[in-house]
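Q: Supplied in structure tokens, the structure appears directly below.
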Amino acid sequence: MPRRIILHAGFHKTGTTTLQATLRENRTALKKHIALRLRWHLKDLLSATRGYSTWRDPLTMLKVQDRFERMLNDLPGMPRRSLIISSEELCGHLPGRGDLMDYSAAPVLLYAFWDSIRQRFPKADILIYLTTRAPDAWLRSAWSEHVKSSGMTMDFAAFERKYAEAAELDAMVQEIASRVPAPVHHAALEDCADLPLGTADPLLDLCEIPLALRSTLQAPAPANTRLEDDILQQMLQINRTHDGVEARNAAKTALLNKVQDK
């Protein structure tokens, strides 16, 4: 049984990809202290959490619970270690996807995870760790992600107006803390900029990693960074003028290849 289980459940565009890369690249050094379940271990579960954030129906919630409990049941013994379960999609889709306006599914999903862990590992400490970002920066990054990876045709000004409430991540942290009976810790991306491992450092604090080991860990290069504004504008135009996912993706790939060849 793990002594502590930490749910790092987002939010999107708050350095989560780099945090997960930090854990993955240092997994051998951390192995005696930490076990990991990252987003590439959780594909079936995350398919269900994304679905629940979209539909909010009881059947999809049952899928979420079943897949999460199967993941817990498949864990090996890990006495005295901390288990980190990390994926921004534990909170569902990034707002702006389809009709999804905000992170209001997050408290429901996290309560379900807490309840499953409590029943499966009643003696383990259960913590929630959330990474946040200033609203303006989050909105810009979220819009950029949608333009790059979906068929988003909305310009930034319209996106900013429509999804301003979704960017209030500190308010959502408080909402989660009021509805899930577990300690909720959070760190802002901006406040972690000067830390050796960025937003991974507060998470490792929660795992009580010895300082001597911390000094040996390697920081990866930032991942999934925002594209330049002119490239995003060209991608936005592709989204507006190309019908079908295949044609759109092919045009974006050609654009990125052209930029890389310069």
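Q: Looking at the structure I just gave you, is L204 touching a Gly at 6+ places or on another chain (Cβ under 9 Å) and within 17 Å of T14 (Cβ to Cβ)?
A: On the way: touching a Gly at 6+ places or on another chain (Cβ under 9 Å): no; within 17 Å of T14 (Cβ to Cβ): yes.
So L204 fails the test.
Q: Output the helices (runs of 4 or more DSSP H) that fall wholly within segment 147-222 and possess 3 or more residues being surrounded by fewer than 18 Cβ atoms within 10 Å (Cβ to Cβ), or say none. Can you show your working first?
A: Working: elements: 156-162, 169-179, 200-206, 211-214.
Passing ranges, in order: 156-162, 169-179, 211-214.
Q: Surrounded by fewer than 19 Cβ atoms within 10 Å (Cβ to Cβ) and within 16 Å of the chain's Cα centre (by Cα): is that true of P107 in this structure? It would help to see each step written out before you state the result.
A: Details: surrounded by fewer than 19 Cβ atoms within 10 Å (Cβ to Cβ): yes; within 16 Å of the chain's Cα centre (by Cα): yes.
It is true that P107 is surrounded by fewer than 19 Cβ atoms within 10 Å (Cβ to Cβ) and within 16 Å of the chain's Cα centre (by Cα).
Q: Next question, about the same structure. Check K32, K63 and return the single one that is surrounded by fewer than 20 Cβ atoms within 10 Å (Cβ to Cβ), without any contact (Cβ under 8 Å) to a residue 24 or more places away in the chain and either more than 27 Å from W138 (Cβ to Cβ) or hydroxyl-bearing (S, T, Y) (or both). Reasoning before the result, please.
A: Details: K32 fails: without any contact (Cβ under 8 Å) to a residue 24 or more places away in the chain.
K63 is the lone residue from the list that is surrounded by fewer than 20 Cβ atoms within 10 Å (Cβ to Cβ), without any contact (Cβ under 8 Å) to a residue 24 or more places away in the chain and either more than 27 Å from W138 (Cβ to Cβ) or hydroxyl-bearing (S, T, Y) (or both).
Q: Being of a type outside the set (F, W, Y), more than 19 Å from M1 (Cα to Cα) and surrounded by 17 or more Cβ atoms within 10 Å (Cβ to Cβ) is the filter here; which residues of segment 35-60 pass it?
A: Within segment 35-60, R39, L42, L45, L46, A48, T49, R50, G51, S53, T60 qualify.
Q: In segment 165-176, how many are out of contact with any Pro (no Cβ under 7 Å at 6 or more places or on another chain) and without any contact (Cβ under 8 Å) to a residue 40 or more places away in the chain? Let's see the steps before the verdict.
A: Initially, segment 165-176 is screened for residues out of contact with any Pro (no Cβ under 7 Å at 6 or more places or on another chain), giving 165, 169-174.
Still in the running and without any contact (Cβ under 8 Å) to a residue 40 or more places away in the chain: 170-171, 174.
Of the residues in that region, 3 qualify.
Q: So in segment 234-245, with the set limited to residues that are free of Cβ contacts under 8 Å to residues at least 24 places away in the same chain, touching a helix residue (DSSP H, G or I) at 6+ places or on another chain (Cβ under 9 Å) and assigned to a helix (DSSP H, G or I), which one is surrounded by the fewest Cβ atoms within 10 Å (Cβ to Cβ)? Show your work before the answer.
A: Just the residues of segment 234-245 that are free of Cβ contacts under 8 Å to residues at least 24 places away in the same chain, to begin with: 234, 237-238, 241-244.
From the residues that got through so far, the ones that are touching a helix residue (DSSP H, G or I) at 6+ places or on another chain (Cβ under 9 Å) too are 234, 238, 241-242.
Subsequent filtering for residues that are assigned to a helix (DSSP H, G or I) retains 234, 238, 241.
On the way: Q234: 19, I238: 20, T241: 11.
The extreme case among them is T241.
Q: Out of the residues in segment 246-260 that are exposed (fewer than 12 other Cβ atoms within 10 Å of the Cβ) and modelled with pLDDT under 95, state the one that is farthest from D205 (Cα to Cα).
A: Per the criteria, the residue is K258.
Q: Return the residues of segment 223-232 that are surrounded by 14 or more Cβ atoms within 10 Å (Cβ to Cβ) and more than 17 Å from G198 (Cβ to Cβ); say none if nothing qualifies.
A: Residues satisfying the conditions are L227, I231, L232.
The values are calculated or read from the model by the stated rules, or taken from the named source; none is laboratory data. Here the structure is a predicted model, which is why all the values come from computation and not from measurement. With ideal geometry, Cβ positions are generated from the backbone for all residues, glycine too; neighbour counts draw on all protein chains shown.
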